[in-house]
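Have a look at the structure below before the remarks.
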Amino acid sequence: MSIIKVKVNGKLVEAKVEGNMRLLDLVRNTLKLTATKEGCSIGECGACTVMMDGKAVCSCLVLAEQCDEAEITTLEGLNDNPITQKLQKAFVEKGGVQCGFCTPGVLVSTTALLEDVPQPSDEQLKDVLEGNICRCTGYQPILDSIHHALKS
């Protein structure tokens, strides 16, 4: 067991973590930030996506110990982010959200991209969405929602 210090959604957190504890477990179980979902547990579905030092990562693949001194942002931490707010509004208006299970990961991944590339190409959008599996929308409504947000 070790103690880590990590900034989560802007707040400094000190946590006791076991050597095999994943960032996903820290976020969901210890910190009770449940927008981050556990889907596949092997980094394929994107439901567990969070930002680590500004970059989108699958939290099921990151050990909590690796987050010592890192900055983690979950969807809850993006509530006041203007990019995320536009995306959320567009997802509702354009049908980019259906069951909602993949939506937090998609929003975090897309926000991370748009913070680096404010006007991404379709190829860049498809690349970032490649890491997020959605079984409901067929992806076109998600892309339509993102394009709508980019225009607003």
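Structural remarks
- Residues that are assigned to a loop (DSSP other than H, G, I, E, B), open to solvent by less than 70 Å² (accessible area, probe 1.4 Å) and touching a strand residue (DSSP E or B) at 6+ places or on another chain (Cβ under 8 Å), drawn from the range 46-67: Gly46, Cys48, Gly54, Ser59, Cys60, Val62
- Any chance Ser41 is among the small types (Gly, Ala, Ser), within 25 Å of Cys136 (Cα to Cα) and either open to solvent by 30 Å² or more (accessible area, probe 1.4 Å) or not assigned by the TED database to the domain that holds Leu125 (or both): yes
- Scan of the range 31-45 for residues that are in contact with a strand residue (DSSP E or B) (Cβ under 8 Å, 6 or more places away or on another chain) and closer than 23 Å to Asp80 by Cα, ordered by number: Leu31, Leu33, Thr36
The values are calculated or read from the model by the stated rules, or taken from the named source; none is laboratory data. Here the structure is a predicted model, which is why all the values come from computation and not from measurement. Glycine gets a Cβ as well: all are built from the backbone with ideal geometry, and neighbour counts include every protein chain shown. The area values use the complete protein model at the heavy-atom level, side chains included, leaving out ligands, DNA and RNA. Shrake-Rupley method; radii C 1.70, N 1.55, O 1.52, S 1.80 Å.
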